[in-house]
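Readers should treat all values here as calculations from the given coordinates under stated rules, not as data from a laboratory. As the structure is a prediction and not an experimental result, all values here were calculated from the model. Cβ: placed from backbone, ideal geometry, glycine included. Neighbour counts: every protein chain shown.
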Amino acid sequence: MQSGVKQQELCGAAVTDQLESDTAGPIENAIKVADANYKCNLFLCRGYQFEDNQDNVRAVTAGEVIPFHIDLIAGHRPGHANVSVIDLASNEVIGEPLVTWDDWPTTNPDPLADTDFNVTIPDTLASLCDIGGKCAIQWFWYAETNKQTYESCIDFYIDA
């Protein structure tokens, strides 16, 4: 997802500029610069708006395996992470997370175990995620020591 006119309208120029200047930065850094124009939820896909990303919506099918790669810039430990399907209207997880880590990034000797993985699209989403703008796949990581939140999202719909 990316920032755009709608995000700037809802989140304000200061927040949008902060997010654009540090695409791997924690959400808390953007909240620090929020001004009177701040009317968005940065904890929902970094405040990115569907209206700015309609050309980036991905059509997927139930059972499809989607490869993920996380650009890990700073691996703050300890932390926990997950990849979930979220309802964009309520910012609620639909069903169970697709992948979870109680300790992320881990101390696994395989350096790719935390950053390169696959998720499988559940077969229960056809009616909930039937058009773009209703659902997103969200990668979420909370670094506990420095109390920082990191997110990334993919807008999608189930192509029947």
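Extension gain for THR61-ASP116 works out to 17.7 nm (0.36 nm per residue, less the C-alpha to C-alpha distance). Bridges between two residues of the chain, per DSSP, are antiparallel at a rate of about 90%. Model label sites at GLU96 and SER21, defined 7 Å from Cα along the beta-carbon direction, differ in position by 4.3 nm. Around ILE70, what is the net charge, scoring Lys/Arg as +1 and Asp/Glu as -1 over all other residues with Cβ under 10 Å from its Cβ? Combined, the nearby Lys, Arg, Asp and Glu give -3. Modelled spin labels at GLU9 and GLN54, positioned 7 Å past Cα toward Cβ, are 1.1 nm from each other.
Amide H contacts for GLU64 (H built 1.01 Å from N in the peptide plane; partners 5 or more residues away or on another chain; cut-off under 5 Å): ILE121. Computed from backbone phi, the HN-Hα couplings of region 129-140 come to 10, 7, 9, x, x, 9, 9, 9, 8, 10, 8, 10 Hz, rounded to whole numbers (Karplus: 6.51 cos²θ - 1.76 cosθ + 1.60, θ = phi - 60°; Gly and Pro given as x). Among the trypsin sites (Lys or Arg not before Pro) in region 1-49, those located in a DSSP loop and surrounded by at most 12 other Cβ atoms within 10 Å of their own Cβ are LYS32, LYS39.
Annotation: lysines with alpha-carbon distance below 21 angstrom to LYS134 (same-chain offsets under eight excluded): LYS6, LYS39.
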